[in-house]
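This report concerns only the one structure given below.
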Amino acid sequence: MKIKKAVIPVAGKGTRFLPATKQIPKEMIPILDRPMIHYCVEEAVLSGIDEIVFVTSTGKEAIENYFDRNIELENFLEKNGKIELLDKISKIGQMIEVVTVRQKEQLGLGHAVLCAKSVVGQDDFAVILGDDIVINDIPVTKQLVDCHEKHGGSVIGVMQVPKNETYRYGIVKGTTVSDRTLKMDGMVEKPKPENAPTNLATPGRYILKNEIFSALERIERGAGGEYQLTDAINMLCSESQVFAHEFHGKRYDTGSLEGYLRATVDFALARDDLRATMQEILKNGKGHQ
Ligand code: G1P
């Protein structure tokens with residue numbers, strides 16, 4: 001069964017970006033001229049996904065509006081001969097089907113994913129967390145889809161982190177089955193370095209078999225008093241096959257100001273129209289006088 005749906009939880013309050021997020025969803029904060037969420041949805045589209053399920057909360061309407069068409073703006077751009085912009089804007093509105101479900105209380109990532117159950121139906125699906133952007137020629141979700149097609153089962157994207165950073169992530173353990181792929185025995189949510197079974201961390205990319213919903217319905221509150229996706233994945237490890245795949249790509253933690261800044265600089269350096277300006281800024285360290 002092809003992976004065609006992606007669940008993107010966007011209900012969080014974005015406290016690390018206050019005061020900007022007082023009125024704007026953090027997912028709509030731009031890196032250069034695109035909101036952060038654009039990069040994640042683009043990754044999904046390029047990975048063969050054709051429907052996004054946003055798990056939202058109050059105040060997040062701007063996200064679904066962004067992926068809708070804005071006929072008034074399109075007409076305005078057309079009338080003013082701004083054809084290149086018109087093309088860009090209308091493509092965003094036609095990029096993908098979007099469905100939203102509400103997470104009425106923020107009870108954790110596991111709870112957020114469970115909120116998507118009625119829309120996902122019987123399908124297996126991807127989960128993409130918007131706080132991480134991974135840049136690679138083959139998008140990270142596509143790499144996980146390929147691994148899922150090869151091995152079957154659920155597939156969790158992992159990357160190596162320094163031991164002293166394990167407390168920030170779900171950390172997996174398992175046995176190597178092929179290049180960059182482990183058959184997982186389990187995972188631990190945000191362990192201290194001395195308790196971390198490996199240094200393989202999950203930065204928010206998952207392909208999940210539909211059975212995850214049954215596990216999510218059975219877990220109890222875990223770390224931080226929240227319903228953790230990690231605990232449901234742990235349950236799946238003993239009931240079915242779960243793999244961890246070490247993906248290729250450069251990852252930015254855009255949920256933090258530091259990662260956001262790094263992404264902004266790198267993305268500008270990657271663009272023909274902005275590279276020279278960014279190089280000059282980095283060299284001279286100042287703006288125009
Ligand atoms: C969540 C997950 C964690 C994962 C992380 C990636 O934690 O619970 O396993 O490693 O996302 O960003 P959060 O950052 O939402 O606390």
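If the Cβ limit is 6 Å and pairs must be 6+ apart or interchain, which residue in region 190-213 that is within 13 Å of Val7 (Cα to Cα) and among the hydroxyl-bearing types (Ser, Thr, Tyr) pairs with which residue that is in a strand (DSSP E or B) and within 14 Å of the ligand (Cβ to nearest atom)?
Once the first residue is within 13 Å of Val7 (Cα to Cα) and among the hydroxyl-bearing types (Ser, Thr, Tyr) and sits in region 190-213, its partners that are in a strand (DSSP E or B) and within 14 Å of the ligand (Cβ to nearest atom) give Tyr206/Val127; Tyr206/Ile156.
I need the full set of residues from region 159-204 which are within 18 Å of the chain's Cα centre (by Cα) and more than 11 Å from the ligand (Cβ to nearest atom), in order please.
Listed by number, the list holds a single entry, Gln160.
Can you run down the residue pairs with Cβ atoms below 9 Å, 6 or more apart or on separate chains, where the first is in region 102-115 and farther than 20 Å from Asn210 by Cα and the partner is among the basic types (Lys, Arg) and more than 10 Å from the ligand (Cβ to nearest atom)?
Between residues of region 102-115 that are farther than 20 Å from Asn210 by Cα and residues that are among the basic types (Lys, Arg) and more than 10 Å from the ligand (Cβ to nearest atom), the close pairs are Gln106/Lys13; Leu107/Arg221.
Which condition from (1) in contact (Cβ under 8 Å) with a residue 40 or more places away in the chain; (2) within 16 Å of the ligand (Cβ to nearest atom); (3) not basic (Lys, Arg) is the one that Gln122 breaks?
(2)
Is there any pair linking a residue in region 12-34 that is closer than 17 Å to Asp253 by Cα to one that is part of a loop (DSSP other than H, G, I, E, B) and among the β-branched types (Val, Ile, Thr), with Cβ under 6 Å and at least six apart or on different chains, and which?
Hits for this filter: Glu27/Val10.
All but one of (1) of a type in the set (Gly, Ala, Ser); (2) at positive phi; (3) crowded, with 23+ Cβ neighbours inside 10 Å hold for Gly59, so report the exception by its number.
Going through the list (1) of a type in the set (Gly, Ala, Ser); (2) at positive phi; (3) crowded, with 23+ Cβ neighbours inside 10 Å, Gly59 breaks only (3).
Does Ile281 meet the test of being of a type in the set (Val, Ile, Thr) and in contact with a Ser or Thr (Cβ under 9 Å, 6 or more places away or on another chain)?
When the stated conditions are applied, Ile281 does not pass them.
Going through Arg218, Arg271 one at a time, which residue ends up being within 22 Å of Ile37 (Cβ to Cβ), surrounded by fewer than 20 Cβ atoms within 10 Å (Cβ to Cβ), more than 16 Å from the ligand (Cβ to nearest atom) and over 22 Å from the mean Cα position of the chain (by Cα)?
After ruling out the rest, the residue left standing is Arg271.
Residues of region 1-40 being assigned to a loop (DSSP other than H, G, I, E, B), of a type outside the set (Gly, Ala, Ser) and under 14 Å from the mean Cα position of the chain (by Cα), which ones?
Selection gives Val10 alone.
Failed condition for Met278, given (1) under 23 Å from Lys142 (Cα atoms); (2) surrounded by 15 or more Cβ atoms within 10 Å (Cβ to Cβ); (3) not charged (D, E, K, R), with all others met?
(1)
Are there any pairs with C-beta distances below 6 angstrom linking a residue in region 169-181 that is in contact (Cβ under 8 Å) with a residue 24 or more places away in the chain to a residue that is polar (S, T, N, Q) and within 16 Å of the ligand (Cβ to nearest atom), with the two at least 6 apart or on different chains, and if so which?
Sorted first by the residue in region 169-181, then by its partner, the pairs are Tyr169/Thr202; Gly170/Thr202; Gly170/Thr230; Lys173/Thr198.
Condition check: assigned to a helix (DSSP H, G or I) and surrounded by fewer than 16 Cβ atoms within 10 Å (Cβ to Cβ). Does Ala112 satisfy that?
So Ala112 fails the test.
Would you point out the residue of region 138-152, among those that are at pLDDT 95 or above and not in a helix (DSSP H, G or I), that is nearest to the ligand (Cβ to nearest atom)?
Step by step, filter region 138-152, then rank; the result is Pro139.
Say whether the condition of being of a type in the set (Phe, Trp, Tyr), in contact with a helix residue (DSSP H, G or I) (Cβ under 8 Å, 6 or more places away or on another chain), within 15 Å of the ligand (Cβ to nearest atom) and under 24 Å from Gly108 (Cα atoms) is met by at least one residue in region 244-253.
Yes, region 244-253 has at least one match.
Check off (1) in contact with a Cys (Cβ under 8 Å, 6 or more places away or on another chain); (2) near the ligand (Cβ under 10 Å from one of its atoms) for Ile207 and give me the number that stays unchecked.
(2)
In region 221-243, which residues are touching a helix residue (DSSP H, G or I) at 6+ places or on another chain (Cβ under 8 Å), closer than 24 Å to Gln106 by Cα and either among the basic types (Lys, Arg) or more than 13 Å from the ligand (Cβ to nearest atom) (or both)?
Across region 221-243, the qualifying residues are Met235, Leu236.
Go through Gly153, Gly204 for me and flag whichever is of a type in the set (Gly, Ala, Ser) and under 26 Å from Phe17 (Cα atoms).
None of the other options fit; the residue is Gly204.
The values are calculated or read from the model by the stated rules, or taken from the named source; none is laboratory data. Everything numeric here is computed off the predicted structure, so don't read it as measured data. Cβ sites come from the backbone with ideal geometry, for glycine too, and all protein chains shown count toward neighbours.
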